[in-house]
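**Student:** Take a look at the following structure, please.
No value in this document is a laboratory result; all are computed from the given coordinates. Only a predicted model underlies this, so the values are computations on that prediction, with no experimental measurement involved. FYI the Cβ positions are ideal-geometry reconstructions off the backbone, even for glycines, and counts take in every protein chain you see.
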Amino acid sequence: MANQEDIFKKVISHAKEYGYVFQSSEIYDGLSAVYDYGQNGAELKRNIREYWWKAMVQLNENIVGIDAAIFMHPTTWKASGHVDAFNDPLIDNKDSKKRYRADVLIEDYVAKIEAKIEKEVKKAAKRFGDSFDKEQFLSTNQRVVDYRAKADSILKRMGKSLENEDLADVKALIEELEIACPLSGSKNWTDVKQFNLMFGTKLGASADSAMDLYLRPETAQGIFVNFLNVQKTGRMKIPFGIAQTGKAFRNEIVARQFIFRMREFEQMEMQFFIKPGTQKEWYEAWKEKRMKWHLSLGMGEENYRFHDHEKLAHYADAAADIEFRFPFGFKELEGIHSRTDFDLGKHEEYSGKKLQYFDHEENKSYTPYVLETSIGLDRMFLAVFSNSLQEEELENGSTRTVLKIPAVLAPYKVAVLPLLKRDGLPEVAQKLVDELKWDFNVDYDEKDAVGRRYRRQDAAGTPFCVTVDHQTLEDDTVTIRHRDTMEQSRVKLSEVKDIISKEVDMRYWLQKI
Ligand code: ATP
């Protein structure tokens, strides 16, 4: 555990030191669960957004993108259920005075049981060697079977109590499991209460005419209310999708995991409108498609898994998360939800407008069903950043810190380094910068010995370094160094652009989808 915490601390301090993520308003001691992206962070975030947008919108003829306002008519949030049901069950510890999400306390307890299962599997794998059959072990080892049954029954009971709004039973479960406050170890709990997560604000100047508004807690509703506008003006035929990226706001209670859970964050959502009755197929298809998108980045298949929801939200008939192995364990990165006709149906009911689709093939109108994929941009940023940060032992016994961000997402693609600050080398290097900057973000660095500059670029995540030396003046060749392998080769100046282009090209990465 200490080790995990150390790694996470390193991630946070590295993100600050290299201009990726700063605390918001840091000079005033920061604002809890709000963060700013620095010069490198803003680029990484933009690249992730674009990687998502191109994969979803540009590469799918039947998906288009919109950009809806953050403010929406307040009735939107009545229709969507957020006014009545966007609540978290909270519990306070009477001794430490700390507030927790009751479901998170229980899920953390279950995660500990799952860690025990993983430990048993590892032990057995070691004992049995090559003949180890994991599936068989999971289904026959009595200890593991008991752990699994216990974990499942806890989650099932919690899901049921939350669904029935039986908060007394949620508290009873916490007490029966003897869950203690992680901070104080005390088991002295208050009752579980509901707390609405939306931020309120006002539109208009005078007190009596002002209108109560909310900052949107998700981008999805901007898509639903525009369903007809887009369908009609784009002459879209079902099945089709509408995508959107943008800010969302939630007054989160448990906000202690850096950019994993923020009060202001960005979502990348896609609502796919389908014929009722086809939701099962589309649910499976989108689960697969989204997982492939993640895997295309090459961050390790073993770091992802699906988690099917026990407790379904009021709008869903099936839901799964894509979980990622963050420095603090497997957690939700993206949600895939089969939302039925709940959203469009509710907006029809509250607005009095028909939000239906006329299906020419079937010769009838219906309210489409919706399949949603929803991913947090900041969470994806944390997944990429934390997975990329590595300490490597080198052959000469020293270590290097390297940020192995997939080249397609890296903020700066290349650094141009004149070997010395004289003999005309800076001028040649600058000329190369001026040439490359039309295609990529280019860094120029002439300070310190070249070895130190390489280390700096490794730690900042730059996939290529190009060094201009005396030989360049004679034969127009330069050294190109690859961040991940540290391999260097001599290439023609005129080839540099093509070499880099190939490796940072989205096509190369996304074609793995
Ligand atoms: P959680 O259970 O972690 O609170 P959620 O199930 O409420 O998340 P959704 O409402 O499904 O999340 O939102 C879709 C995605 O938006 C999530 O998968 C996550 O990546 C992202 N997200 C949600 N809340 C936050 C937050 N407070 N900060 C950063 N990202 C968030």
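**Student:** Are there chymotrypsin sites (Phe, Trp or Tyr not before Pro) in segment 414-513 that DSSP marks as loop and that have at most 13 other Cβ atoms within 10 Å, and which are they?
**Tutor:** Numbers: sites: Trp438, Phe440, Tyr444, Tyr454, Phe464, Tyr508, Trp509; in loops: Trp438, Phe440.
When the chymotrypsin sites (Phe, Trp or Tyr not before Pro) of segment 414-513 are filtered for loop state and at most 13 Cβ neighbours within 10 Å, Trp438 remain.
**Student:** What number does the chain give for Rg over Rh if you use C-alpha atoms and the Kirkwood radius?
**Tutor:** Computed over Cα atoms, the ratio is 1.00.
**Student:** With Rg and the Kirkwood Rh both taken from Cα atoms, where does Rg over Rh land for segment 224-300? It would help to have the intermediate numbers written out before the result.
**Tutor:** Working: Rg = 16.3 Å, Rh = 15.4 Å.
With Rh from the inverse mean 1/r over Cα pairs, Rg/Rh is 1.06.
**Student:** Follow-up question, since we're still on this one. Give the cross-link partners of Lys364 among the aspartates and glutamates, using a straight C-alpha distance below 17 Å as the criterion and excluding same-chain residues fewer than 8 apart.
**Tutor:** Lys364 reaches Asp341.
**Student:** Given bins 5 angstrom wide, list per bin the percent of all Cα-Cα distances in segment 322-465, short to long.
**Tutor:** Binned Cα distances yield the sequence 2, 8, 11, 11, 11, 9, 8, 7, 7, 7, 6, 5, 4, 3, 1, 0.
**Student:** State, to one decimal in nm, how far the label point of Asn251 lies from the label point of Leu473, with both points 7 Å from Cα in the Cβ direction.
**Tutor:** Taking the simple label geometry, Asn251 and Leu473 are separated by 6.7 nm.
**Student:** Pop out the Kirkwood hydrodynamic radius of segment 35-151 from its pairwise C-alpha distances, inverse of mean 1/r, in Å to one decimal.
**Tutor:** 20.4
**Student:** Still on this structure, please answer the following. So which trypsin sites (Lys or Arg not before Pro) in segment 278-351 are both in a DSSP loop and have at most 10 other Cβ atoms within 10 Å of their Cβ? Before the final figure, lay out each step's value.
**Tutor:** Values: sites: Lys280, Lys287, Lys289, Arg290, Lys292, Arg305, Lys311, Arg325, Lys331, Arg339, Lys346; in loops: Lys311.
Passing both the DSSP loop test and the Cβ count: no residue.
**Student:** Of Lys78/Lys160; Lys232/Lys275; Lys45/Lys160; Lys10/Lys331; Lys156/Lys331; Lys98/Lys171, which pairs sit farther than 27 Å apart, going by alpha carbon to alpha carbon? Display every interim value, and only then the final one.
**Tutor:** Details: Lys78/Lys160 24 Å; Lys232/Lys275 17 Å; Lys45/Lys160 38 Å; Lys10/Lys331 19 Å; Lys156/Lys331 19 Å; Lys98/Lys171 16 Å.
In this structure, Lys45/Lys160 lie more than 27 Å apart at Cα.
**Student:** Below 14 angstrom from the Cβ of Gly129, what's the summed charge of the other residues (Lys, Arg +1; Asp, Glu -1)?
**Tutor:** Details: positive: Lys122, Lys123, Lys126, Arg127, Lys134; negative: Asp130, Asp133.
It works out to a net charge of +3.
**Student:** Which value in deg cm²/dmol, rounded to the nearest 500, describes the helix-derived mean residue ellipticity at 222 nm for the chain, given -39,500 (n - 2.57) per DSSP H run of n ≥ 4 and division by the residue count? The partial results should precede the final answer.
**Tutor:** Numbers: 18 runs with 200 residues, N = 513.
Mean residue ellipticity at 222 nm (helix-derived): -12000 deg cm²/dmol.
**Student:** Over the chain, what is the relative contact order in whole percent, taking alpha-carbon pairs under 8 Å and six or more residues apart?
**Tutor:** 14
**Student:** To continue, here is another question. Normalised by the number of residues in segment 270-401, what is the relative contact order in percent for Cα pairs under 8 Å and 6+ residues apart? Let's see the in-between values first.
**Tutor:** Numbers: 189 pairs, mean separation 35.0, N = 132.
Relative contact order comes out at 27 percent.
**Student:** For Leu44, Leu31, what's the fewest-to-most ordering of other Cβ within 10 Å of each Cβ? Walk me through the numbers on the way to the answer.
**Tutor:** On the way: Leu44 26, Leu31 14.
Neighbour counts put them in this order, fewest first: Leu31, Leu44.
**Student:** Can you say what percent of the DSSP beta bridges in segment 372-513, counting only those with both residues inside, are antiparallel? Round to 5. Let's see the in-between values first.
**Tutor:** Details: 14 of 22 bridges.
Rounded to the nearest five, the antiparallel share is 65 percent.
**Student:** While we're here: According to a simple spin-label model (label point 7 Å from Cα along Cα-to-Cβ), what is the distance in nm between Asp498 and Lys202?
**Tutor:** In this crude spin-label approximation the distance works out to 6.5 nm.
**Student:** Could I ask something else about it? To the nearest 20 Debye, how big is the dipole of the chain about its Cα centre, given +1 on the beta carbon of each Lys and Arg and -1 on that of each Asp and Glu?
**Tutor:** On the way: 76 positive and 85 negative charges, 63 e Å.
It works out to roughly 300 debye.
**Student:** Right, something else. Over 20 Å between C-alpha atoms is what I'm after, so list which of Lys287/Lys404; Lys413/Lys437; Lys237/Lys292 land there.
**Tutor:** Values: Lys287/Lys404 27 Å; Lys413/Lys437 10 Å; Lys237/Lys292 25 Å.
Flagged as over cut-off: Lys287/Lys404; Lys237/Lys292.
**Student:** Counting only residues 5 or more places away or on other chains, whose amide H sits under 5 Å from the amide H of Tyr444 once H atoms are built in the peptide plane?
**Tutor:** Result for Tyr444 returns Val416.
**Student:** Ratio of Rg to Rh for segment 66-210, alpha carbon only, Kirkwood?
**Tutor:** Working: Rg = 22.0 Å, Rh = 18.9 Å.
Answer for segment 66-210: 1.16.
**Student:** Right, another one. Which percentage, to the nearest 5, of the DSSP beta bridges contained in the chain is antiparallel?
**Tutor:** Details: 71 of 82 bridges.
Roughly 85 percent of the beta bridges in the chain run antiparallel, per DSSP.
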